[in-house]
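K.L.:
Pasting in a structure now, in structure tokens, and then I'll have a few things to ask.
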């Protein structure tokens, strides 16, 4: 395995999980921190998400839970609610994961997470039946 | 469904997930806030964990992720690492979930989560092969 | 006490504390997580706020303090600044509570809390003298 | 009002609220950051706690709530649970304040806060009937 | 040193570090908490930033790092990204400081910090060459 | 640049910054998550700390600030207080950095950071004059 493969593996994984949104995040960094865009592809996606020990559905449930609980990264939470749907987590499972965070991080965190999910679901619905 | 059932359903779920540790948490509250012990059984376990929309394995992965990321509730993180193992999450999956949090909450949070897992695994190993 | 009473007691308490805003939060959940709306009424309001051991003024001071300090739930902070006023906390006491958080959570948290209070006070003033 | 008065007013307020513990915190800083000990007396106690707009009982309820919710400052939470008792908050009110944080910061934060209260109450009880 | 000097020293330091933005923050508090505006000048700027033991460049790097990592005070982060530039930290050093927070607080915190820097840099560029 | 160099560059940087403690952290992961030990060397040290755009002194000041402010990673804060001293930050500068966090994350965070520094300084002093 060489460095080039690590980046390419990450980019493929990023596309599989996040679709177009992931690439737009990478592009948004071009003008300010292009190396950070590379790290973002390499470490989270090339290293972590490419590991075989945990399926992508579980990985996305874990991220939705953590970002809901932390409550200070709404843009990323929305990206990962969409990503969860992309890899086969159902809307119901997303909602259950967020609701459960009321127990661990309080009702405001869960409420704000549910509002983020509502937005993502509405946007997805607006793209037509094929995207659901 | 009446109130008594909600408590009983919660207690059964608490035992299924947390085993003896859960009951010890409830007991530790007896001298200071017995009503809180009741709420703890009723809302998280009687209401949330009893919902059918998300399997217990995913629920425990979500909690291990969130508590690792928050980083300020080590005793509860250990309880839920054990709970994850109790409901069928493998050690490898627990480790993967915690490692992934390095991406979302930083390396210190992931490192401290891994040290918590190491302790729980060691304690479990010490109980003999039957407990593994 | 049966389950129905727990919900009804919670709804009455929610109206007493939050006024119309509380009901709008409940409605906003209808399309995405109706059960969560029920839990929100039952546990925080039916269980916790209905307890006799601490007066509502102190409870709202506690919430305004905590949400200011956490700094990641501005919508809920605004709801509770209004709720504090509803149950008899004065504007001056709200401001003092938020200012004190500079000591425990830093000046940015207190500053952002004061800006939230400024908005709530302005909106309240705009409703005319009867609403003050 | 001159600078000396600000320090003296703070020290008197610190003694009123925290008793001996407050002075021990100040002493613990002598070897590493004596100026910080002075700031600690001057700003929180000489400025904030000396303000007339909010009674000390409410101020201590606010702090116990915030430190329970933040969950990363257990030593200071214990000092303020004791301080709350010193200024007339009852044990029941302390417990209610902490329990309420389950709604805003999750059950682990409330549980850890209750365990801190249990320790403070036990230590206080051990000092004999006069200290209760 | 008397109290008046402490305020004046703070105001001079605030202007040196934050420029006009600092004074606008102070003005925004006039209608709601004028004493807090005074504390803001006195303690952070009159006391802390006026200390000789650490140069202003290092102080601003420390603040940009901390506010990026905490992730819940974006307005203040932007003020301090500008302040860092004001006291001689280069754009590259600001970006490096924020990127490094990916290691300690996760990629979302660093990403949101970089987007804040992008906004501040763009606004600065728009003011013409003299302001760069 | 190939993958092997990235690891080796990271290990050299880890030794330069953290000394023996860094290698002990890596060893502590051997039994539970050896790949995470590799990532820890590669991404933070091989990628981030090896970048030329910010000197190591500033990087360590940034980390001490961030970990003090977050307040939930005391073991890592101690490692980086020592690391700061290793790369030429003075004790006084460490103390100033931590004190400044009272403004951004509250007095408890700063107090706990100062207590961590006190421990590190004491341990360092105990190693004899050569280590000071």
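Any read-out appearing in this document is the output of simple, stated calculations on the displayed coordinates, not a laboratory observation. Every value quoted in this text rests on a predicted model; they were computed, and no experiment measured them. Neighbour counts run over all protein chains shown; Cβ positions are idealised from the backbone, glycine included.
K.L.:
How far, in whole Å, is the closest Cβ of chain E from the axis that maps E onto C, and which residue does it belong to?
P.N.:
E:72, 3
K.L.:
Using a 7 Å offset from Cα along the direction of the beta-carbon, what are the separations from residue D:8 to the same position in each other copy, nm, ascending?
P.N.:
Once sorted, the set of distances for residue D:8 reads 2.4, 6.3, 6.9, 6.9, 7.8 nm.
K.L.:
A further question follows. Test of understanding: in a Gaussian network model of chain B with alpha carbons linked when under 10 Å, which of B:103, B:26, B:63 would top the mean-square fluctuation ranking?
P.N.:
Answer for the Gaussian network model of chain B: B:103.
K.L.:
Here is a further query. Can you list the copy-to-copy distances for residue D:23, using a point 7 angstrom from Cα toward Cβ, in nanometres, shortest first?
P.N.:
Ordered by distance, the counterparts are at 4.6, 4.9, 4.9, 5.7, 7.0 nm.
K.L.:
Over all residues in C:50-57, what is the mean tally of Cβ atoms on other chains that come within 10 Å of each residue's Cβ?
P.N.:
Numbers: counts 0, 5, 2, 10, 11, 2, 0, 2.
Whole-number average of other-chain Cβ neighbours for C:50-57 is 4.
K.L.:
How tilted is helix B:3-18 with respect to the longest principal axis of chain B? Cα atoms for both, answer in degrees (0 to 90, nearest 10).
P.N.:
20 degrees
K.L.:
Working from Cα positions, state the angle (0 to 90°, nearest 10) between the long axis of helix D:56-70 and the longest principal axis of chain D.
P.N.:
Computed tilt is about 60 degrees.
K.L.:
How tilted is helix B:107-126 with respect to the longest principal axis of chain B? Cα atoms for both, answer in degrees (0 to 90, nearest 10).
P.N.:
70 degrees
K.L.:
Using a/c under 1.5 as the rounded threshold, could you call region D:1-63 rounded, prolate or oblate? The axes a ≥ b ≥ c are square roots of the C-alpha gyration tensor eigenvalues, and prolate needs a/b larger than b/c, oblate otherwise.
P.N.:
Because a/c hits 1.5 or more and a/b fails to exceed b/c, region D:1-63 counts as oblate.
K.L.:
Please build a GNM for chain E, connecting alpha carbons under 10 Å apart, and tell me which residue among E:72, E:112, E:86 fluctuates the most.
P.N.:
Fluctuation is largest for E:72.
K.L.:
Quick one: divide the alpha-carbon radius of gyration of the protein assembly as shown by 2.2 N^0.38 Å and tell me what you get.
P.N.:
Numbers: Rg = 25.4 Å, N = 792, 2.2 N^0.38 = 27.8 Å.
The protein assembly as shown yields a ratio of 0.91.
K.L.:
Quick one: work out Rg over Rh on the C-alpha atoms of region F:54-132, Rh as Kirkwood radius. Each step should come with its number before you reach the end.
P.N.:
On the way: Rg = 11.7 Å, Rh = 12.3 Å.
Taking Rh as the inverse mean 1/r over Cα pairs, Rg/Rh reads 0.96.
K.L.:
So if R0 is 35 Å, what FRET efficiency would residue D:119 and residue F:124 give, r being the distance between their Cβ atoms, rounded to the nearest 0.05? Walk me through the numbers on the way to the answer.
P.N.:
Numbers: r = 32 Å, r/R0 = 0.90.
So, using R0 = 35 Å, E works out to roughly 0.65.
K.L.:
What is the mean number of Cβ atoms from other protein chains located within 10 Å of the Cβ atom of each residue in peptide C:112-122, rounded to a whole number? Could the numbers behind the result be given before it?
P.N.:
On the way: counts 5, 1, 6, 5, 0, 2, 5, 1, 0, 2, 2.
Other-chain Cβ atoms within 10 Å of each residue's Cβ, averaged: 3.
K.L.:
How far apart, in nm, are the 7 Å Cα→Cβ label points at residue B:8 and residue A:23?
P.N.:
Taking the simple label geometry, residue B:8 and residue A:23 are separated by 5.8 nm.
K.L.:
In nm, one decimal, shortest first: how far is the label point of residue A:52 (7 Å from Cα along Cα to beta carbon) from the matching points in the other copies?
P.N.:
Going from nearest to farthest copy, the values are 3.6, 4.1, 6.4, 6.4, 7.5 nm.
K.L.:
Hey, got the average number of other protein chain Cβ atoms within 10 angstrom for residues in B:41-49? Write down the numbers at each step before the final one.
P.N.:
On the way: counts 0, 4, 10, 8, 1, 0, 9, 9, 2.
Mean shielding count: 5.
K.L.:
A further question follows. Where does chain E land at 222 nm, in deg cm²/dmol rounded to the nearest 500, when only DSSP H runs of n ≥ 4 count, each adding -39500 (n - 2.57), divided by all residues? It would help to have the intermediate numbers written out before the result.
P.N.:
Values: 7 runs with 95 residues, N = 132.
After summing the helix terms and dividing by the residues of chain E, the value is -23000 deg cm²/dmol.
K.L.:
Please list log₁₀ I(q)/I(0) at q = 0.15, 0.16, 0.18 Å⁻¹ for chain F, using the Debye equation with identical point scatterers on the alpha-carbon positions.
P.N.:
Scattering profile of chain F, log10 relative to I(0): -0.74, -0.84, -1.02.
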